[in-house]
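The values are calculated or read from the model by the stated rules, or taken from the named source; none is laboratory data. Please read these numbers as outputs of a predicted model, since none were measured by experiment. We place every Cβ from the backbone using ideal geometry, glycine too, and count neighbours over all the protein chains shown. Remember, those area values only see protein heavy atoms, side chains included, never the ligands or the DNA or RNA. Shrake-Rupley method; radii C 1.70, N 1.55, O 1.52, S 1.80 Å.
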Amino acid sequence: MYYGVAYYPEQKTPDDLKKDIQLLIDSGINTVRMGEFAWCRFEPQEGEYHFEWLDPVVEELGKAGIYTVICTPTACPPAWMCEKYPEILYVDNRGVTRPFGGRRHYCYTNERYRELSRIIAEKIGEHYGKNPYVLGFQIDNEPAQEATGRCHCPACQQAFRKWIESRYHTVEEWNQRTGSVFWSQELSSFSQVYTPVTTIEPYGIDAVPVHFENPSIRLEFERFSSQQQIDYQEIQTCALKKYTDKPVTTNGTGLATNSIDYFNSFKTLDRYAFDFYPGMRHSKIDPFAYGFARGVKKDTPFWILEFMSGGGHGLRGHGRVQTPPNALKQAVVQAMAHGAEMMLHFQFRTFPYGAEQLNYAIVDIDGVPRRRYREMQETAAVLKQLASYEKAVMRNEVGIVFDYDAYWALAIKPVNENFRYFAFCDQFYKMLNEMGHTSDVISLDADWSDYKMIVVPSLFVMQESYRQKMKEYVKQGGTLVATFLTSVKNVDNTGYIESLPAGLTDLFGVTVQEVEPVDGRSRSHIKLSLASGEETCEDVYWSELLEGSAQMVGTYLEDYKAGCGVIAKNVYGKGTAWYLGTMPEENTASKLLAEIAQEAGLTPMKIQVPSGCEVVRRELDGKKLYYVFNFNAEPVQAVWQGTLRDVLSEVSYENGAQVAQDGFLILQED
Ligand code: GAL
Ligand code: ZN
């Protein structure tokens, strides 16, 4: 595994650089990431390129066995550029130009900026493309992060008009498909298209608080902006690939931003890569992001280009708490268990300067190695010991479908304050994970045939072609779990003029009769008839009353809803389709899901652990390999039947073993 840190040699005095390099070498890591914000050093004046500040560092580290991921610096257009070409600056939805002085103050559509970015990427590719100490390339840094993924500058306005025209061809078609007559919004020319100012962008501020712009144009703007950023990135990808065969990627923001459709944006990149800053103070690291990482580029290992390094000051001023001893090591091994090929901590040594002055790092500002450095050293050593286990294969039996149209549409028109699409997908991941089933988070377009069970949470917007895909999957014997708010709207983000779930009433054997949000005014009890017995609980998020030929496994118990179906199971072809018209409370939902999983034939987990733990199953040379993690503040007992061998200590355990606090065991069948 590639393991290491982000490092910023451009900020160092020669003396510090020397000390840091020695520490890096002594730590046992094998990878650093450099260059990402250093445009003013790479190109201090237009057309003048410098690499002499970076070359010796790459070389010295390389000779000591530490490889470099070189970044393009385009997250930080330098002062000379912003002064000379002010049109490259980002304009937010309020019309406010993001000035020079922070980072990410550029427009990804602007032709001038695209050209300047292409040139610097080419220069970097040309210079480092064949360097034996360079491992690969990172484009930019966290595209769209910090509310920079929805630009409204004149170039974006212009491009958005073209986008709408290319997708709808004539204004008549636009008017008809999007129902523009509503509130007198019919257009007579595409020149009348404007970028919508109501935003769902994380950290975005609505330009006009109560404006109710048309959901159709809003969804198009999400898709358009995502694609513009992908096109921008592609320019750099091509520029680099002219000179190198090494992997080229960018660092997504895990699942945090979602201003870019990562399924699309990583198609032409060689690795899915992302940054991850989970809470780590005796708390379970939610592996949903790893499930997603496996789903974006199936069968290709993923990279984590930034990961927690510990606590201290934070970027926004408020601090981050420290990681307890061993938690970093545990987290790195957890990422490896989930399929990571690279993990780099952010970052090596605390900055005295700039917006991130005093921030947490592996080594403190004084350059004295302390606990976190020693732990990184130990981790590097453990990874070396585990090298032969990296090729273990992971075969997951559940796919959870995540879809950007659904995500955006549910944010544009939320159905209930306490319902978040994202968190809902994660909830399924977590419940299954607690039962010992690791899922992949996949797209609608993925190959579903490898999975015994597919979960499709609230696919609010659904293209008609996927109706057939769902039906085929079940017909062939798959188990499909869908929920309320499935197939409500079409690709234009307007309501299907059909009974719901549109086009799928035969698959699920139900038709939705009535819907409402679940909150204090409407909350109601439901009864589930499970194989393990009857369960009664409250409904959560949303309520749909169902009628049809399906078996009603869940029904309402109270008021006028008493007796109405809400959880339905329908045999279809060789498989089974489940429709959850509400979400049962967590405990009951887990029991329901466990039953569905069992019926779907998922392989039960051999090892049982208490809550706050995780077991990841892989296979090496035909033998099962189990990674057991305990994120709790005290030791726990893992239990199983038979003998398993701890691959690190070579000790064999019979029927169970203790897992230390913030610790892990890697166990193999003999
Ligand atoms: C990341 C970013 C890094 C650094 C870090 C601080 O989102 O990519 O450059 O700012 O946050 O936590
Ligand atoms: Zn723009």
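Which one, ALA331, TYR353, TYR277, projects farthest toward the positive side of the charge dipole computed for the stretch 272-391 from Cβ point charges (K/R +1, D/E -1)?
Toward the positive end, the furthest listed residue is ALA331.
Note the full-extension length gain between SER388 and ALA660 as 0.36 nm times their separation in residues minus their Cα-Cα distance, in nm to one decimal.
Taking SER388 through ALA660 to full extension adds about 95.5 nm, to one decimal.
Take THR68, THR97, THR494 and sort them by solvent-accessible surface of the protein heavy atoms, 1.4 Å probe, largest at the top. Please list the in-between numbers first.
Numbers: THR68 0, THR97 65, THR494 35 Å².
Of THR68, THR97, THR494, the descending order of accessible area is THR97, THR494, THR68.
To the nearest 0.05, what FRET efficiency results for GLU111 and ASP16 with a Förster distance of 45 Å applied to their C-beta separation? Don't jump to the answer; show the numbers that get you there.
Working: r = 40 Å, r/R0 = 0.89.
Computed FRET efficiency for GLU111 and ASP16: 0.65.
Divide by every residue of the chain the summed helix terms, -39500 (n - 2.57) for each DSSP H run of at least 4, and state the resulting mean residue ellipticity at 222 nm, rounded to the nearest 500 deg cm²/dmol.
Roughly -8500 deg cm²/dmol at 222 nm, from the helical runs in the chain.
ALA273's amide H: which non-local residues (gap 5+, or another chain) put their own amide H closer than 5 Å, with H modeled 1.01 Å from N in plane and none for Pro or chain starts?
Those qualifying (amide H under 5 Å, at least 5 residues apart or on another chain) are THR250, GLY252, TRP303.
Rounded, prolate or oblate: pick one for the stretch 94-246, where a ≥ b ≥ c are the square roots of the eigenvalues of its C-alpha gyration tensor, a/c under 1.5 means rounded, and failing that, prolate if a/b is larger than b/c, else oblate.
Verdict is prolate for the stretch 94-246.
In debye, nearest 20: dipole of the stretch 398-599 around its Cα centre with unit charges on the Cβ of K, R (+) and D, E (-)?
300
How would you rank 229-238, 639-648, 530-539, highest first, on the average number of other Cβ atoms within 10 Å across their residues?
So the peptides 229-238, 639-648, 530-539, ranked by packing, come out 229-238, 639-648, 530-539.
Rolling a 1.4 angstrom probe over the protein chains, ignoring ligands and nucleic acids, what is the accessible area of LYS623 in square angstrom, nearest 10?
LYS623 has an accessible surface of roughly 80 Å² with all protein chains in place.
Enter the accessible area of THR505 (Å², nearest 10), with the probe set to 1.4 Å and all protein chains included.
In the full protein context, THR505 sits at about 50 Å².
What distance in nm separates the two pseudo spin-label positions at GLN637 and THR97, each 7 Å out from Cα along the beta-carbon direction?
6.9
Can you list residues from other chains, or at least 5 along the same chain, whose modelled amide H is less than 5 Å from the amide H of GLU516?
Distant-sequence amide H within range of GLU516: SER543.
Of LEU485, LEU17, which has the most accessible area and how do the rest follow, probe 1.4 Å? Could the numbers behind the result be given before it?
Numbers: LEU485 10, LEU17 35 Å².
Order by accessible area, largest first: LEU17, LEU485.
How big is the stretch 161-278 in terms of Cα radius of gyration and Dmax, in angstroms?
Spelled out, the Cα radius of gyration and Dmax of the stretch 161-278 are 17.7, 54 Å.
Could you tell me what percent of the DSSP beta bridges with both partners in the chain are antiparallel, to the nearest 5?
About 55 percent, rounded to the nearest 5.
Treating cross-link reach as a plain straight distance, find the aspartates and glutamates whose alpha-carbon is under 16 Å from the alpha-carbon of LYS561, omitting any fewer than eight places away in the same chain.
GLU514, GLU516, ASP519, GLU538, ASP539, GLU544, GLU547
Suppose each label sits 7 Å from its Cα in the direction of the beta carbon; what would the HIS169-GLU472 distance come out to in nanometres?
2.6
Taking the Cα centre of the stretch 398-599 as the origin and placing charges on Cβ (Lys, Arg +1; Asp, Glu -1), which of TYR572, GLY554, TYR404 is farthest toward the positive end of the dipole?
TYR572
Let me know the shape class of the stretch 1-112, please: from the alpha-carbon gyration tensor, a ≥ b ≥ c as square roots of the eigenvalues, rounded when a/c is under 1.5, otherwise prolate if a/b is greater than b/c, or oblate.
Working: a/c = 2.81, a/b = 2.17, b/c = 1.29.
Because a/c hits 1.5 or more and a/b exceeds b/c, the stretch 1-112 counts as prolate.
Place a point 7 Å from Cα of HIS211 in the direction of its Cβ. Which residues in the stretch 78-118 have their backbone N less than 19 Å from it?
Only 90-98 pass the distance filter.
Using only the heavy atoms of the protein chains and a 1.4 Å probe, how would HIS152, HIS345 rank by accessible area, largest first?
Sorted descending by solvent-accessible area, the residues read HIS152, HIS345.
Which whole-angstrom value gives the distance between the alpha carbon centres of the stretch 632-670 and the stretch 1-57?
Measuring centre to centre over Cα atoms gives 40 Å.
Over 19 Å between C-alpha atoms is what I'm after, so list which of LYS297/LYS606; LYS241/LYS384; LYS569/LYS591; LYS123/LYS297; LYS267/LYS413 land there.
On the way: LYS297/LYS606 28 Å; LYS241/LYS384 31 Å; LYS569/LYS591 15 Å; LYS123/LYS297 28 Å; LYS267/LYS413 29 Å.
The pairs that break the limit, which is 19 Å between Cα atoms, are LYS297/LYS606; LYS241/LYS384; LYS123/LYS297; LYS267/LYS413.
Let's see if you can work this out: charge +1 on each Lys and Arg Cβ, -1 on each Asp and Glu Cβ, no other charges. What is the dipole magnitude of the stretch 205-347 about its Cα centre, in debye to the nearest 20?
Its charge dipole is roughly 500 debye.
Can you give me the distance in nm between label points at LYS267 and GLU378, each placed 7 Å from the Cα along the Cα-to-Cβ direction?
About 4.6 nm, to one decimal.
Beyond 29 Å, what share of the Cα-Cα pairs of the stretch 398-599 is found? Please give it as a whole percent.
14
What is the Cα radius of gyration of the stretch 613-669 over 2.2 N^0.38 Å, N being its residue count?
Expressed relative to 2.2 N^0.38 Å, the Cα Rg reads 1.05.
Compute the semi-axes of the equivalent ellipsoid of the stretch 345-466, taking the square root of 5 times each eigenvalue of the Cα gyration tensor, and list them largest first in whole Å. Could you put the intermediate results ahead of the total?
Values: eigenvalues 304, 118, 30 Å².
One finds semi-axes of 39, 24, 12 Å for the stretch 345-466.
Taking H placed 1.01 Å from N in the peptide plane, check which residues at least 5 places from VAL553 or on another chain put their amide H under 5 Å from its amide H.
ILE567, ALA568, LYS569
In the stretch 205-263, which trypsin sites (Lys or Arg not before Pro) fall in coil by DSSP and have 13 or fewer other Cβ atoms within 10 Å?
Filter output for the stretch 205-263: LYS242.
Using only the alpha-carbon atoms, what does the stretch 154-222 span along each of its principal axes? Please give whole angstrom values in decreasing order.
That works out to 35, 27, 16 Å along the principal axes.
Which of rounded, prolate, oblate describes the chain, given a ≥ b ≥ c as roots of the alpha-carbon gyration tensor eigenvalues and a/c under 1.5 marking rounded, otherwise prolate only if a/b is larger than b/c?
Oblate, because a/c is 1.5 or more while a/b does not exceed b/c.
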